[in-house]
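First the structure, in the form of structure tokens, and then the observations on it.
Each reported figure results from applying straightforward, stated rules to the coordinates on display, with no laboratory input. These numbers were taken from a predicted model, which means no experiment stands behind them. Positions of Cβ are generated from backbone atoms using ideal geometry, with glycine treated the same way; all protein chains shown enter the neighbour counts.
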Amino acid sequence: MEVSVADAAQMLGVSPRRLRALVAAGRVQARRVGGQWLVQAASLPSRPYRSRPMSPEVAWAFLGDVVPEHYTPDQAYRWRTRRHRLADDPEPERLLASWVASRAERYWFGTRNNDGMLTDRRLVPSGLSDPRAGISSGALVEAYVTCDDLDAVRRTYLLRPGSPHDNVLLHVGDVLPAEPVPLLLLAADLAEHGESRELARARALIAEALA
């Protein structure tokens, strides 16, 4: 069954913009007919997002290890309250992925040679490419890159648009996190893979980060 972008977004509990990003990232199947996209309902993630995403600024602040210095007392209280809620949630990895979904867009690429990408200073390894994940990634490179550097990185490594079957996963946004990335960010990246092994490791990392 095919549904409109608006209907698919409602089914997932996300905005149409986020749904289009999922299509672009190869995580949801869709085809363009005339002037609109039709989404394969069967390709939608089996588990919906748990909550409406935070704004990018709030998401990045939440992922940090400490309360931002510029926060007002009210903002600091909300920051701590969310951390407590995350710690007490029965599925914290899914809640975290929902909350911080706006931090970056997720794009798959393919290349015949991704050697050197993880030491490229324009990229910050995360997810399956972070040793703290403790999960073998094979030939996969997963990393953060800024919007400003994306085109140059694509030219350097001859990256072509791909799918989850390819070997490069880039999180593209305005912010390049510090290396190594905060534990909560690593957990969110792993949780977005949606597989039981990655979800379990994300849960453990969340517990470690909030201990």
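To check you understand DSSP bridge types, tell me what percent of the beta bridges within the chain (both residues inside) are antiparallel, rounded to 5. Counting DSSP beta bridges with both partners in the chain, the antiparallel share is about 75 percent. The slack in the chain from residue 118 to residue 17, taken as 0.36 nm per residue of separation less the alpha-carbon distance, amounts to 33.4 nm. Under the convention that each Lys and Arg Cβ holds +1 and each Asp and Glu Cβ holds -1, the size of the dipole of segment 54-132 around its Cα centre is about 100 debye. Only Lys, Arg, Asp and Glu carry charge here, each on its Cβ (+1 for the first two, -1 for the last two); on that basis the chain has a dipole of about 520 debye about its Cα centre. For segment 49-88, the set of chymotrypsin sites (Phe, Trp or Tyr not before Pro) satisfying both a DSSP loop assignment and a count of at most 14 other C-beta atoms within 10 Å is given as 71. Only Cα pairs under 8 Å and 6+ residues apart enter the sum, and on that basis the relative contact order of the chain stands at 21 percent.
Look at the Cα gyration tensor of the chain: its axes a ≥ b ≥ c give a/c of at least 1.5 with a/b at or below b/c, and that counts as oblate. With θ taken as phi - 60° and the Karplus curve 6.51 cos²θ - 1.76 cosθ + 1.60 applied, the whole-hertz 3J(HN,Hα) list for segment 82-95 is 5, 4, 5, 5, 5, 5, 8, 6, x, 10, x, 5, 6, 5 Hz, x standing for glycine and proline. For segment 51-134, the relative contact order works out to 38 percent when only alpha carbon pairs closer than 8 Å and six or more residues apart are counted. Rounded to whole numbers, the Karplus 3J(HN,Hα) couplings from phi for segment 170-180 are 10, 9, 10, x, 7, 10, 9, x, 5, 10, x Hz, using 6.51 cos²θ - 1.76 cosθ + 1.60 with θ = phi - 60°, and x at Gly and Pro. Longest stretch of the chain clear of exposed loop sites (GluC sites (Glu not before Pro), DSSP loop, at most 14 other Cβ atoms within 10 Å, sites excluded): 70-194.
For segment 1-112, relative contact order (Cα pairs under 8 Å, six or more residues apart, normalised by length) works out to 30 percent.
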